[in-house]
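Reading through the structure tokens given below for one structure.
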Amino acid sequence: MVFAEYTLKGVEETLEKLKSNRAGLTEKEIEERLCLYGPNEIRKREKGVFYIFWRQIKSPFFYLLSLASLVSFLIGEETEALFILFFVFLYIFLGFIQEAKAHNTLKILKRYLPSQVLVRRSGIKKWIDKKELVPGDIVILGSGDIVPADLRIIEEKGLLVDESILTGESVPVNKEARALSEETKEIFEAKNILFAGTSIIGGTAEAVVFATGNKTVIAEISRSGAEIKKETLYEKELLEFARLILRIVVVTIVFIYLANLIIKGGANSLEFLIFCIALIVSILPEALPAVVSFSLSLGVLKLAKERVVVKRLAAVESLGGIEVLCTDKTGTLTENKLTLERIFSVNQEKCLKYGLLSSCFVTKEMKLAENSFDKALLEYAGQEIRELIKKIDVIFEIPFDSYRMRNSVLIKTEKGKKFLICKGAPDRILDLCSKTEGQLNKKKIKEEIEKEGKEGKRVIAIAYKEINKEDISEKDEKGLIFLGYFSFKDPLKKTAVPAIHLARKLGVEVKILTGDSPEVAGRVAQEIGIIDDSSKVITGKQLEALSPEEFKKICREFSVFARLSPSVKYKIIKTLQEDFEVGFLGEGINDIPALEAAHVSIVVESACDMSRESADIVLLKKDLGVLIDGIKTGRKIFANINKYIKTTLASNFGNFYSLALISLIIPFLPMLPVQILFLNFLSDIPLFAIVTDAVDVQELRRPKFYRLNKIILLIFLLGLISSVFDFIFFGLFHKLPVSSLRTLWFIESLLTEIALIFSIRTSRFFFKTISPSRSLTISSLLVIILSILVPFLPLGKELFHFVSPPMEYMGIVLSLVLVYFMISESVKLFYFHYWFKPLELVKEEKPNNKTKK
């Protein structure tokens, strides 16, 4: 492998071979190398239009109708065969169009997620798209970054790398810059190489690119192109439901066909075979893939307009299914625009100076700090202090770590003295201190910090000691002198309270999982209405001391968790998932275990690379209100897909069993195959429009209670009513000529299905529910008009063998449809009122946490 030769080379030798230097490449060199090596991307074969088209042809629906068409040709029914083929390709075309739209939607959304990398070119640091990387580029990486290409390390500080994507080993690997004594071709032995796709979980590094795109190790072993496909609970349920229907249908059709042979003999066996195939097609919700795909793609585009990017279509349904949403508070519930309120120290100038020296921007040429705490310190500091710290060298750094809750730097003053400075969570810093500056009282310090927290302020502490070393490790962080602390104010977002109110209306419980202090977390949660007492907060240390049973109980009862390590966050998510659909909103590297565990993983645009890769959904606007609106949209999509399934199954089951049983009684086919297919096609028109329908609030509030397995009895009852009315219809009109009977039955079947759509779209009384969407109303009216008009047209008579029915019979049919609608409504209301009571679950919930701390 290419990397092997670079393991033996020293840093300067590597740079020389790659014709590069520590200052980086020039723009001219970049252009030449881009032409030579191409963009830094792994080229993989995209699923184009032919693949999407082939997926439609592979469907069982295609095979069934093709068989029916072939049999029609064999028995001399060429016209009927052609129309069957017409319907075959019509459905294939519709499915193709919708899936192609969904595919294009995902391609468009990728533009929202640019992946950038920090490089040094011509001595200047700049952010570029990772596709622009070329061999010889100098790359700068930090905690949370994903390695963008294969790199040889130039220098590093405390570098820890997760190589599990390549090796399967979950234990982080220490990396270093020095050359190896022996060449290795084993990934896990290449200590001075960073491989594309691996993740930086600690420390910093500068490295030079030696392989990009398809030349990287990850490309060679074909690991980068594979995406983990999360199969949602709803997807699994649909699959199981489809299998159940298919089994029932196949068994019924075999029984009906054999019964026909026994009762009527084999004279019409081929014709009846076509009829049976048409019956199978009539009951299958063949438009379901197109409806689901269309619904999800519409939802994805709607969410994108609201600045919510969904990385996979199925995640829209998962988003709607969230029952418990766990989130950090900083930047989501609060503005994350900190202002320095107070410096608590006997030497405030020294405290501010040491706070600035331990800030991340010190090593970035005094750029404006990205860290909100450091930014607030920098904005507070005067020009005199800024100039003063420029004269002090930061010679070593241990970056902030969410496990340690602090960072440390080693500085060297103009007089040559060296000091270790630690900055971080006050409780962690105080634990490392053996004394305080100016004989400050530790008890008094803790009281002051607790007071600041109760006022909703955030506190960062500073400690130091003189040390005579060239570098530092965690072992040196003891025996420190406590210098003081900074108090910061972070105002609530204006959208926070409305977001929590909407979440409660939707039945979504919001829990705060934060590394911040319990005082600050409790104050914020109380202000936005998650809890009614700011003391109802539990910390990571308290959780770790609990038994598994107590841990589970506390996870359910409490809504605010503070001072959490990544492992405890992960454990909370896994515990909640035993009873709920859980979403997790995070952004830092410390959130990755919880993101990977959650049913729905959500990050903000500014999240680290690793977090973005782990996420299903990316928020381009860091606002909880945007996410709660996204949950509402996901639930609406889920509810409308379920409306399609409920309507088509209830109606199709009724027609299926009616036609199948009556075909054994009468000496002719009750409806011709081409009429069945035309009926199926027309009824699907409003069902496509149902994805735009409005949704009742109770379905938005408790979507799990409307899953298919919960309402299968209702589907069966409504199907039975449909069959009963078909038999009533047959009893009224069985003496009519065959063509008239078929025509009237076609009209009756289509109108009852339209009536069923408007009944089953809600659990409430039809006239008291939310109004249907314009698309559903218009498409339904269009189909009603066509169902009555087509039998009178020459086209309907010639192609579908209809006849013009007498008007008095049309009046009877319309009366039957009206009675059918009233009875279906009555059964539905009875079912939801006495058997299945979702409305009992929509009472507004109050904040939980009645359990005292």
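Key figures for this structure:
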read-out: Shape category assigned to the range 474-626 from the gyration tensor of Cα positions, a/c cut at 1.5; value: rounded
read-out: Pair Glu189, Val724: separation of 7 Å Cα→Cβ label points (nm); value: 7.9
read-out: Distance (nanometres) between label positions extended 7 Å along Cα→Cβ at Leu789 and Val250; value: 4.2
read-out: Amide N proximity, the range 725-755 versus Ile263 label position 7 Å along Cα-to-Cβ, cut-off under 14 Å; value: 727
read-out: Cβ-derived FRET efficiency at R0 41 Å, Lys574 paired with Glu335, nearest 0.05; value: 0.85
read-out: Simple spin-label estimate for Glu155 and Ala694 in nanometres, 7 Å along Cα-Cβ; value: 6.5
read-out: In range of the label at Gln348: residues from the range 473-488 whose backbone nitrogen is under 13 Å from the point 7 Å along Cα→Cβ; value: 485-487
read-out: Equivalent ellipsoid semi-axes - Cα gyration tensor, the range 471-512, angstrom; value: 43, 16, 8
read-out: Footprinting exposure proxy for Ser658, Ser567, Ser408, Ser534 (fewest neighbouring C-beta atoms within 10 Å first); value: Ser567, Ser534, Ser658, Ser408
read-out: Gain on full stretching of the segment that runs from Lys28 to Lys475 - 0.36 nm per residue minus C-alpha separation; value: 156.2 nm
read-out: Enclosed volume per residue, in Å³, of the convex hull spanned by Cα atoms of the range 339-489; value: 107
read-out: Prolate/oblate/rounded call for the range 371-445, Cα gyration tensor, a/c under 1.5 rounded; value: rounded
read-out: Amide H partners (placed H, <5 Å) of Arg342, local residues excluded; value: Ser487
read-out: Relative contact order for the range 339-489, counting Cα pairs under 8 Å that sit 6 or more residues apart, in percent; value: 29
read-out: Violating pairs (Cα-Cα greater than 30 angstrom) within the set Lys125/Lys475; Lys574/Lys646; Lys391/Lys569; Lys17/Lys185; Lys505/Lys622; Lys130/Lys478; value: Lys125/Lys475; Lys574/Lys646; Lys391/Lys569; Lys130/Lys478
read-out: Cβ-based exposure ranking for Arg120, Arg247, in which fewest neighbours within 10 Å come first; value: Arg247, Arg120
read-out: Gained length - Lys494 relative to Arg178, 0.36 nm times residue gap less alpha-carbon distance; value: 108.6 nm
read-out: Residues Val2 and Glu387, FRET efficiency given R0 of 60 Å [Cβ-Cβ distance, rounded to 0.05]; value: 0.80
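Read-outs throughout are calculated quantities, based only on the coordinates presented, and are distinct from any laboratory measurement. Treat the numbers as computed from the prediction; the structure is a model and nothing was measured. Every residue, glycine among them, receives a Cβ derived from its backbone with ideal geometry; neighbour counts consider all protein chains shown.
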